[in-house]
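The values are calculated or read from the model by the stated rules, or taken from the named source; none is laboratory data. Note that the coordinates shown come from a computational prediction; the quantities given were computed from them, not determined experimentally. Using ideal geometry, Cβ is built from the backbone for each residue, glycine included, and neighbour counts are taken over all protein chains shown. For accessibility, only protein heavy atoms count, side chains too; no ligands or nucleic acids. Shrake-Rupley method; radii C 1.70, N 1.55, O 1.52, S 1.80 Å.
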Amino acid sequence: MIEVKNLVKLYGDKRAVDDVTFTVQKGEVLGFLGQNGAGKSTTMNIITGYLSSTSGTVTIDGHEILEEPIEAKNRIGYLPEHPPLYLDMTVKDYLNFMFDLKKVKLPKKQHIEEICNIVKIADVFNRVIKNLSKGYRQRVGLAQALLGNPDVLILDEPTVGLDPKQMIEIRNLIKSLGERHTVILSSHILSEVQMICDRVIVINKGKLVADGTPDSLSQSMSTDHKLLVRVAGPQEEVKKLLAKIPGMQEVTMVGQRENGEVFDFSLEAEKGMDIRREVFKRLAERSWPLLGMRSSELSLEDIFLQLTAEDSASSDSGNGGNA
Amino acid sequence: MFAVLKRELSAYFSSPIGYIYLAVFYVFSGYFFFGVLYSNTTSLSNVFNGMFTIIMLLIPILTMRLMSEDLKNKTDQALLTAPISLLSLVLGKFLSALIVYCLGVAITLVYAIVIATFAQPDWTVVFGNVLGMLLLGAALIAIGMFISALTENQVIAAVGGFAVGFSLILVNSLSSLITVSWMQKFVSGLSFMERYDEFTNGILDISNVFFFISICAVFVFFTVRVFEKRRWS
Ligand SMILES: Nc1ncnc2c1ncn2[C@@H]1O[C@H](COP(=O)(O)OP(=O)(O)OP(=O)(O)O)[C@@H](O)[C@H]1O
Ligand SMILES: [Mg+2]
């Protein structure tokens with residue numbers, strides 16, 4: 001559905017996008033991960049035809065974006081990083097305008113109503129966009145992208161600046177949209193991408209450093225062997241007990257709470273070892289209550305450090321999994 | 001194109017700009033018109049002559065927001081990723097300003113009808129005048145739109161438009177100072193005022209019509225180029 005080949009974008013001497021190649025199948029939801037300035041927005045702007053690449057091609061459903069721009073753009077709904085809203089228009093006028101601009105050939109009133117219900121903006125339909133909150137503006141931007149039911153949706157950081165409740169709502173919405181559309185979305189948040197996407201691409205300084213399913217990505221950097229546990233019991237004895245678990249490499253006390261009766265430990269076992277059951281069993285035998293357990297999550301920055309370190313070590317070992 | 005045209009038109013009248021433009025246009029042309037009434041002639045040429053400078057100053061107000069506003073609010077991302085050609089986008093914007101301009105020019109027809117209740121004016125001259133005013137405005141709008149496409153700052157766009165207006169006025173006095181004949185010919189060839197004056201004097205020279213239309217075409221084309229260039233930068 002989307003074919004990106006050897007994409008390069010130069011700003012002066014700076015390589016904002018550096019030889020990026022990937023394809024997205026019909027119906028796939030692709031996540032775009034990268035730090036600030038990695039080149040996510042630039043890549044998306046090129047895919048949607050807003051910018052032209054220095055070299056390389058983008059093909060949407062067989063139509064090259066520069067050679068057949070109208071055909072290609074017809075198939076794309078785009079929510080840029082900064083939603084392109086006319087602040088002095090009402091939501092209604094704005095969506096009507098975008099409907100006309102995109103030359104959508106569906107029954108107008110009904111289609112706009114339908115989309116307003118999907119993104120839940122029916123209650124602000126007659127308000128001026130200037131007066132809407134950030135979250136609602138984001139939704140209006142999303143509504144605009146959905147007009148005409150395009151096959152491809154390109155969403156640049158769709159959940160940024162939303163409150164947690166709205167964030168979850170929008171994520172669920174995108175996930176359900178993924179059933180009928182081909183979606184590319186960018187994000188800084190690993191868990192978000194893991195939740196929504198079938199496949200993840202990581203870019204760093206304009207270069208593609210990983211391409212795979214969220215599972216393969218996290219497997220290649222599995223964190224199962226790292227645990228954070230909270231136990232009510234005597235510190236030294238608990239520590240000794242946990243250290244005796246087969247495969248355990250390191251036990252460190254990282255915190256103390258509730259008047260010194262409860263301790264947090266960070267456990268590190270051998271790679272690939274799942275020690276969660278063993279930890280529970282041993283503590284239960286001694287009747288020391290296990291108050292909490294979670295795997296210490298890798299932040300995006302951690303993954304980056306790993307990926308970029310691997311990347312410089314050998315040229316393509318950064319490809320955590322295969323598409 | 002019509003979607004853009006429609007939105008731009010409604011934007012002119014949902015902000016004060018459209019009304020300010022019309023008010024200023026009507027007030028000044030009305031002032032010149034009363035001058036005509038007092039002088040007991042049926043010739044509206046004085047109105048059209050007087051409006052030249054006013055139009056030079058008013059058009060930048062119409063065109064300053066045309067492209068700059070979109071660049072500033074990033075709404076150009078919606079326009080440029082929509083399945084329409086750059087040319088139809090630019091034409092939509094151009095026509096919206098032209099239509100608002102025409103609403104101003106239309107008042108001169110009212111004046112002509114008022115005059116006609118006293119004595120028949122020379123209608124061919126009146127229409128020549130109106131045509132000249134339309135062509136002058138269209139050319140200036142195209143130039144103003146081009147300037148607006150260069151910057152996301154509306155104030156700069158307006159000041160740039162004024163600067164162009166003033167230099168076009170200056171060109172006239174300049175051409176009378178030049179003694180080298182081919183240079184004088186060239187400079188006065190650029191003069192909007194000389195060509196416009198011929199319209200107001202009732203002379204319909206097809207080369208003048210052609211001149212203004214070419215200016216429109218050239219600057220519409222330049223505006224398209226600005227957007228293409230920005231995409232590649
Ligand atoms: N118009 C421009 N001129 C020069 N450099 C630019 C321009 N636009 C972007 N860049 C540079 O290109 C690089 C990639 O920018 P881009 O906006 O694509 O990053 P991003 O991955 O979207 O970052 P973020 O997470 O902050 O949105 C950055 O280093 C940026 O400074
Ligand atoms: Mg970005």
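The table that follows gives values for the structure above.
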read-out: The stretch A:1-36: trypsin sites (Lys or Arg not before Pro) falling in loop per DSSP and having at most 13 other Cβ within 10 Å; value: A:26
read-out: Distance cut-off 30 Å, percentage of C-alpha pairs in chain B lying past it; value: 29
read-out: Protein accessible surface hidden between A and B, which excludes ligands and nucleic acids, total in Å², probe 1.4 Å; value: 2400
read-out: Eligible lysines near residue A:165 by straight Cα distance, threshold 26 Å, same-chain separation 8 or greater; value: A:40, A:92, A:120, A:130, A:134, A:175
read-out: Span from the the stretch A:23-41 Cα centroid across to the the stretch A:135-150 one, whole angstrom; value: 19
read-out: Selected from B:42, B:223, B:32, residue furthest toward positive end of dipole (the stretch B:2-232; charges at beta carbon); value: B:223
read-out: Magnitude of the charge dipole, the protein assembly as shown, Cβ model with Lys/Arg +1 and Asp/Glu -1, debye to 20; value: 760
read-out: Shielding by partners - mean other protein chain Cβ count within 10 Å, residues of A:83-93; value: 4
read-out: Estimated FRET transfer efficiency when R0 is 56 angstrom, pair residue B:184-residue A:110 (beta carbons, to 0.05); value: 0.30
read-out: Local electrostatic count at residue B:84 - Lys and Arg +1, Asp and Glu -1, tallied over other residues with Cβ under 13 Å; value: +2
read-out: Cα-based Rg of chain A normalised by 2.2 N^0.38 Å, two decimals; value: 1.21
read-out: Surface accessible to a 1.4 Å probe, per residue, for the residues of chain A, Å²; value: 47
read-out: Dipole magnitude (debye, nearest 20) for the stretch A:2-221, charges at Cβ of Lys, Arg, Asp, Glu; value: 540
read-out: Local net charge near residue B:5, Cβ-Cβ under 13 Å (Lys/Arg +1, Asp/Glu -1); value: +1
read-out: Residues whose placed amide H lies under 5 Å from that of residue A:90, excluding near-sequence neighbours; value: A:129
read-out: Estimated FRET transfer efficiency (residue B:46, residue B:170; beta-carbon r; R0 22 Å; 0.05); value: 0.45
read-out: Over chain A: helical MRE at 222 nm, DSSP H runs n ≥ 4 each giving -39500 (n - 2.57), nearest 500; value: -10000 deg cm²/dmol
read-out: Selection from B:204, B:13, B:116, by position along the positive dipole direction of the stretch B:2-232 (Cβ); value: B:13
read-out: Selected from A:284, A:212, A:21, residue furthest toward positive end of dipole (chain A; charges at beta carbon); value: A:284
read-out: Rounded Å value of the spacing that divides the Cα centres of the stretch A:254-292 and the stretch B:40-81; value: 74
read-out: Over 27 Å between alpha carbons, listed pairs A:73/B:6; A:9/B:6; A:109/B:229; value: A:9/B:6; A:109/B:229
read-out: Per-residue ³J(HN,Hα) for the stretch B:9-15, Karplus 6.51 cos²θ - 1.76 cosθ + 1.60, θ = phi - 60°, Hz, x for Gly and Pro; value: 4, 5, 5, 4, 9, 9, 10
read-out: The stretch A:67-102-the stretch B:126-194 distance, computed between alpha-carbon centres (Å); value: 35
read-out: Accessible area of chain B belonging to carbon and sulfur atoms, whole % at 1.4 Å probe; value: 73
read-out: Cα centre as origin, Lys/Arg/Asp/Glu Cβ charges: the stretch B:1-85 dipole, Debye; value: 100
read-out: In nm, spacing of pseudo-spin labels at residue A:232 and residue B:207 (7 Å Cα→C-beta vector); value: 10.2
read-out: Threshold 50 Å² - residues in the stretch B:1-30 whose accessible area is reduced by that much or more when the chain is no longer isolated, probe 1.4 Å; value: B:3, B:7
read-out: DSSP beta bridges in the protein assembly as shown [antiparallel fraction, %, rounded to 5]; value: 70
read-out: Label point distance in nm, residue A:5-residue A:125, each placed 7 Å from Cα along Cα→Cβ; value: 4.6
read-out: Choice from A:95, A:291, A:208 with maximal GNM fluctuation in chain A (Cα, 10 Å cutoff); value: A:291
read-out: Relative contact order (%) - chain A, alpha-carbon pairs under 8 angstrom, separation at least six; value: 19
read-out: Considering only chain A, percent of DSSP beta bridges that pair antiparallel, nearest 5; value: 70
